[in-house]
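Some notes on the structure that comes next.
Read-outs: derived from the displayed coordinates by stated rules, not from any lab. Remember, it's a predicted structure, so these values are computed and weren't measured experimentally. Please note: Cβ atoms are built from the backbone with ideal geometry, for glycine as well, and neighbour counts cover all protein chains shown.
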Amino acid sequence: MTKKLVVYMALTFLLLAFAFFLLMPLASCTPYYNNLQGYAEGQHMALAEAWLKTSSFPYIDEDGEYWKSPIEFERDGGGDCEDFCVYLMYQLGNRSELVMIRYEMGYHAVVRWEGRYLEPQVYGLEYPARGLKIINAMSYGDVMDKATHGGSKGEL
């Protein structure tokens with residue numbers, strides 16, 4: 001290789017490294033920057049592992065409707081129904097949705113993943129799609145945006 005080519009390659013490498021370290025702090029402003037769009041296909045946490053991890057936390061009743069980010073859920077040691085959904089969705093990635101359902105006693109949040117309706121608080125409990133009274137569904141991105149206030153609540 002010629003001296004010019006070696007110098008050109010070295011300068012290109014330095015420029016790319018500089019750009020990476022300059023832009024990386026911007027990406028890390030969001031608590032789910034490693035999982036902004038969910039884990040890539042085949043890289044998300046396995047359902048059983050994610051569900052077991054999520055359901056190991058206790059239910060914590062809260063006043064009002066405050067949606068915890070995944071880090072707040074871990075820090076507080078649990079949360080209410082939508083907090084469990086946010087945490088499980090974070091583990092599963094962008095193919096998951098939060099679904100609000102109506103039942104006899106009021107409303108409840110569950111996770112829809114690959115056509116299944118999962119109760120994040122109880123490992124293995126699924127709701128049959130037939131007969132569910134779905135009020136609303138939110139995408140992974142919308143849920144993470146709401147739960148993290150657009151990425152302003154810290155990192156996992």
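Excluding V110 itself, what net charge comes from residues whose Cβ is under 14 Å from its Cβ, given Lys and Arg +1 and Asp and Glu -1?
Details: positive: R102, R112, R116, K133; negative: D80, E82, D83, E97, E114, E119, E126.
Residues close to V110 contribute a combined charge of -3.
With a Förster radius of 22 Å applied to the beta-carbon distance between Y107 and H149, the computed FRET efficiency rounds to 0.45. Relative contact order, whole percent, for the stretch 31-148 stands at 28, derived from Cα pairs under 8 Å and 6 or more residues apart.
Each Lys or Arg adds one and each Asp or Glu takes one away; over the other residues whose Cβ falls under 11 Å from the Cβ of L98, this sums to -2. Each peptide in 92-101, 51-60 receives the mean, over its residues, of other Cβ atoms within 10 Å, and ordering these scores from highest gives 92-101, 51-60.
Going Cα to Cα from K68, which lysines come in below 30 Å? Please leave out same-chain ones fewer than 8 positions away. Of all the lysines, those that pass the test against K68 - Cα under 30 Å, at least 8 places apart if same chain - are K53, K133, K146, K153.
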